[in-house]
Amino acid sequence: MTEIAVGIDLGGTQVRAALVDEGGNILARAEERTDAMAGPDRVLGQIQELAERLLAGADKALVVGVGVSAPGPLDTESGVALDIPTLKGFQRYPIASELSRRLLFPVSLENDGIAAAIGEWQFGAARGIEHSVYVTISTGIGGGAIIDGRVLRGRKGMAGHIGHMSVVPYGELCPCGNRGCFEAYGSGTAFTARARARAAECSETTLGKDGHVIDSRAVFAAGRAGDPLANRLIEEEAEILGRGFTSLLHIFSPSIVVVGGGLSHEFDRLHPGIQNYISEWAMPAFKDVQVVRAALGQNSGLVGAAALAFLAKTPSRRAAC
Ligand SMILES: [Zn+2]
């Protein structure tokens with residue numbers, strides 16, 4: 001019988017749980033809206049309920065443990081949330097020990113970007129690859145790096161805050177409180193804000209006309225219909241991402257960059273511009289590095305969280321981690 005693990009993807013909007021086997025296959029799943037303002041006791045109760053619902057139909061003897069992916073910053077060495085901005089009351093809160101007490105399984109806690117990087121490394125687009133960087137482009141920008149076949153965690157497990165690379169002095173305000181971060185320019189939120197501002201000044205576009213809301217999906221749809229402003233905005237977004245990724249290539253020297261998150265739905269449209277930027281601006285030895293779409297889609301973090309439990313259990317895998 002194959003062993004199984006419980007993966008939990010705790011977000012500010014949704015909390016998702018899955019039973020995952022050793023091959024990274026999702027055997028069962030459950031999710032609900034996060035009661036984000038209700039405090040840790042209620043949110044951990046939600047996780048407990050989802051996990052117990054999934055485990056009710058499983059052989060508990062086959063369960064190796066629970067992995068939790070959560071937004072940072074977290075101290076993943078001690079399993080403590082330091083301060084999760086989207087979840088009320090998660091300041092210096094011991095998620096791992098508290099959840100382990102409730103579920104009676106070992107619990108590993110990981111930053112959501114790193115968990116997704118692990119998911120893609122163990123079971124997705126970076127499977128079998130020693131050096132990869134995962135980047136999620138969504139409301140914000142996050143990620144994680146697998147280098148030399150090991151998860152790069154850094155002090156307190158906080159490595160991989162890719163969105164907060166400082167790229168513009170005194171630039172746009174970032175949700176982290178600083179100015180000029182990569183996220184403040186390249187995230188889906190920044191892309192949409194730029195589209196709204198530019199469409200308001202442009203009479204030669206269909207964007208936002210007739211009272212239609214401008215979101216990233218609308219910009220890509222208008223681009224496909226030949227709207228010049230929409231296509232310019234998409235090219236600019238690809239260039240911003242390409243610029244950020246070029247720095248990642250130079251710093252980490254990955255064999256591939258894996259892109260996930262909401263904007264990766266339009267990966268095919270963004271990819272040529274990203275790759276063009278890299279081939280123009282990366283140092284010669286880095287120009288051939290490929291940027292690819294996440295293979296696990298929106299499940300990278302969920303499956304990666306379960307992979308944490310397998311990695312924590314198996315000494316040989318832990319040695320490689
Ligand atoms: Zn920032």
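The values are calculated or read from the model by the stated rules, or taken from the named source; none is laboratory data. Remember, predicted model here, so these are calculated numbers, not experimental data. Note that each Cβ is placed from the backbone with ideal geometry, even for glycine, and that neighbours are counted across all protein chains shown. The protein model used for the area step is the full one, side chains on, heavy atoms only, and it has no ligands, DNA or RNA in it. Shrake-Rupley method; radii C 1.70, N 1.55, O 1.52, S 1.80 Å.
Might you check whether a residue that is part of a loop (DSSP other than H, G, I, E, B), open to solvent by 20 Å² or more (accessible area, probe 1.4 Å), touching a strand residue (DSSP E or B) at 6+ places or on another chain (Cβ under 8 Å) and modelled with pLDDT under 95 occurs anywhere in segment 46-57?
Yes, that holds for at least one residue.
Here is a list: Gly89, Gly128. Which entry is part of a loop (DSSP other than H, G, I, E, B), out of contact with any strand residue (DSSP E or B) (no Cβ under 7 Å at 6 or more places or on another chain) and farther than 29 Å from Ser264 by Cα?
From the options Gly89, Gly128, the qualifying one is Gly89.
Identify the residue in segment 170-205 that is under 22 Å from His265 (Cα atoms) and among the β-branched types (Val, Ile, Thr) and, among all such residues, is nearest to the ligand (Cβ to nearest atom).
Of everything passing the filter in segment 170-205, Thr189 is nearest to the ligand (Cβ to nearest atom).
Between Ile274, Ile256, which is in contact (Cβ under 8 Å) with a residue 40 or more places away in the chain, hydrophobic (A, V, I, L, M, F, W, C) and under 24 Å from Ile146 (Cα atoms)?
Ile256
Please identify the pairs in which a residue from segment 171-186 that is among the aromatic types (Phe, Trp, Tyr) has its Cβ atom under 8 Å from the Cβ atom of a residue that is near the ligand (Cβ under 8 Å from one of its atoms) and open to solvent by less than 10 Å² (accessible area, probe 1.4 Å), counting only partners at least 6 apart or on another chain.
Correct list of pairs: Phe182/Gly163.
Within the group Glu280, Glu266, which residue is closer than 26 Å to Thr189 by Cβ, assigned to a helix (DSSP H, G or I) and assigned by TED's automatic domain parsing to the domain that holds Cys181?
After ruling out the rest, the residue left standing is Glu266.
In segment 112-140, which residues are within 20 Å of Leu302 (Cβ to Cβ) and open to solvent by 10 Å² or more (accessible area, probe 1.4 Å)?
Within segment 112-140, Asp112, Trp121, Gln122, Phe123, Gly124, Ala125, Arg127, Tyr134, Thr136, Ser138, Thr139, Gly140 qualify.
For Val167, which of the numbered conditions (1) away from the ligand (no atom under 16 Å from the Cβ); (2) among the hydrophobic types (A, V, I, L, M, F, W, C); (3) open to solvent by 50 Å² or more (accessible area, probe 1.4 Å) fails to hold?
So Val167 meets the others, but not (1).
Among (1) within 23 Å of Thr136 (Cα to Cα); (2) at pLDDT 95 or above; (3) surrounded by fewer than 22 Cβ atoms within 10 Å (Cβ to Cβ), where does Ser69 come up short?
Single failed check for Ser69: (3).
Taking into account only those residues within segment 297-321 that are open to solvent by 40 Å² or more (accessible area, probe 1.4 Å) and at pLDDT 85 or above, which is nearest to Arg127 (Cα to Cα)?
Among those that are open to solvent by 40 Å² or more (accessible area, probe 1.4 Å) and at pLDDT 85 or above, it is Gln298.
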